[in-house]
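So the structure is just underneath, and the comments pick up after that.
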Amino acid sequence: MPDPAPADRPPRDPSDPVSLADFEALAAASLRPEILGYYSGAAADERTLADNREAFARWRLVPRMGVEVEGRDTSVEVLGRRWPAPFGVAPMALMKMANSEGDVAVARACAARGLVMTLSTVGTATIEEVGAAGAPSWFQLYLLEDLGRSRELLARSEAAGYEAVVMTMDAFILGRRERDVRLGFQLPDGISYANVRRSAHKRGDTYGDDGFKQSNTWADLEWVVANTRLPVIAKGILHPDDARRAIQAGAAGIQVSNHGGRQLDGTIAALDALPAVADAVAGSVPVLFDSGIRRGSDVLAALALGATAVFLGRPVLWSLAWAGERGVGMALDMLAAEFRLALGLAGQQRADAVPSDVVVRM
Ligand SMILES: Cc1cc2nc3c(=O)[nH]c(=O)nc-3n(C[C@H](O)[C@H](O)[C@H](O)COP(=O)(O)O)c2cc1C
């Protein structure tokens with residue numbers, strides 16, 4: 001059956017979001033400006049933030065005709081699990097500033113859809129609370145100076161049924177986000193990190209000061225690999241040699257990302273870094289991608305450029321601020337529907353077999 005014509009669709013509330021970008025304006029109506037600034041902002045002049053989006057416009061899609069796509073398959077397999085759609089939720093700090101249920105609301109929305117939720121080390125719900133929500137869960141690790149406590153975080157993740165550890169390599173020191181400076185962003189009263197001590201963040205600006213290891217070396221990645229039985233994904237990789245090096249250190253996956261432009265401004269757009277990393281990895285481990293995904297067609301382009309799957313960032317925070325678990329569910333459903341549409345319109349039958357000639361560089 002063809003997709004229903006617009007007129008056949010049920011009437012919608014005129015204020016409901018139609019695209020992921022719409023959620024930002026909806027979030028702005030309910031968040032204090034400094035909190036929206038923390039979520040939406042990025043480092044320095046925010047050139048990389050903008051370029052992460054512009055990079056998608058530098059590639060054009062070349063759809064194929066004459067293909068039967070009615071039964072197309074949007075699922076992909078990552079580390080032994082089938083995902084119903086080729087995306088999950090990226091790790092993000094301080095979700096409870098958006099909604100009192102925070103990370104757990106996001107995890108429940110993921111659970112209902114079988115999508116992966118990544119909990120941040122500086123998340124606002126415990127490892128156990130998020131695990132109990134029932135989504136396939138990944139734990140994002142910022143290594144603590146105290147390796148004993150780092151090991152405890154890994155052990156708790158294993159005990160709570162998490163399926164992978166994401167070691168973020170690009171945020172051992174924090175980028176300077178000028179919106180936070182201008183708007184005087186501080187950890188609001190009543191919001192705390194659920195898995196690390198607040199003393200770890202006492203310098204105040206956001207997170208990541210004396211409690212966190214101020215450098216992340218390949219030896220640190222090796223340490224993490226040696227101290228968990230979960231597969232470890234190296235997040236924040238942009239150079240093909242770093243991808244090779246991470247795999248040598250034992251990484252079971254590579255996440256191409258520039259942290260949404262929040263670290264070194266002027267950094268290459270994540271999408272522009274993807275093809276060379278995918279080439280270097282050459283299928284030996286999954287290549288994951290985040291930074292700038294806002295459309296189903298973005299997901300398609302990332303798959304064509306070598307990603308196995310992608311992660312959604314800021315739209316999750318905006319939709320959480322707007323309507324909690326229901327809002328996040330709407331955002332996830334929207335991206336899934338857009339991806340399914342894009343895959344079909346591109347004349348492709350399988351998300352796990354998108355050929356590279358679906359995109360051409362302008
Ligand atoms: C408010 C916010 C907090 C974030 N916190 C973390 C974090 O704790 N750990 C981490 O690895 N990445 C963190 N990230 C980066 C995301 O995982 C992801 O790389 C980024 O959001 C992708 O960019 P996009 O949201 O523009 O698509 C954060 C991003 C945002 C926007």
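Readers should treat all values here as calculations from the given coordinates under stated rules, not as data from a laboratory. Model, not experiment: these values are computed from the prediction. We place every Cβ from the backbone using ideal geometry, glycine too, and count neighbours over all the protein chains shown.
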Bounding extents of the stretch 16-361 in its principal axis frame from Cα atoms, largest first in Å, are 61, 47, 39
Looking at the chain, what % of its DSSP beta bridges pair antiparallel, to the nearest 5?
20
Spelling it out for F212: with amide H atoms placed in the peptide plane at 1.01 Å from N, the residues 5 or more places away or on another chain with amide H under 5 Å from its amide H are E145
Difference of contour (0.36 nm per residue) and Cα-Cα distance, A282 to V181:
32.2 nm
Per-residue [θ]222 nm for the chain (sum of -39500 (n - 2.57) over DSSP H runs n ≥ 4, rounded to 500):
-11500 deg cm²/dmol
Rounded to the nearest 0.05, what FRET efficiency do A57 and Q248 have when you use their Cβ-Cβ distance and R0 = 30 Å?
0.30
Computed E for E152/A50 - FRET, C-beta separation, R0 41 angstrom, nearest 0.05
0.55
Whole-Hz ³J(HN,Hα) for each residue in the stretch 303-313, computed from phi via Karplus 6.51 cos²θ - 1.76 cosθ + 1.60 with θ = phi - 60°, x for glycine and proline: what do you get?
5, 5, 8, x, 6, 7, 6, 10, 10, 9, x
Could you run the Karplus curve 6.51 cos²θ - 1.76 cosθ + 1.60 with θ = phi - 60° over the stretch 226-241 and give me ³J(HN,Hα) per residue in whole Hz, x for Gly and Pro?
6, 10, 8, 8, 7, x, 10, 9, 8, 9, x, 8, 10, 9, x, 5
Could you line up F87, F339 from fewest to most neighbouring Cβ atoms inside 10 Å?
F339, F87
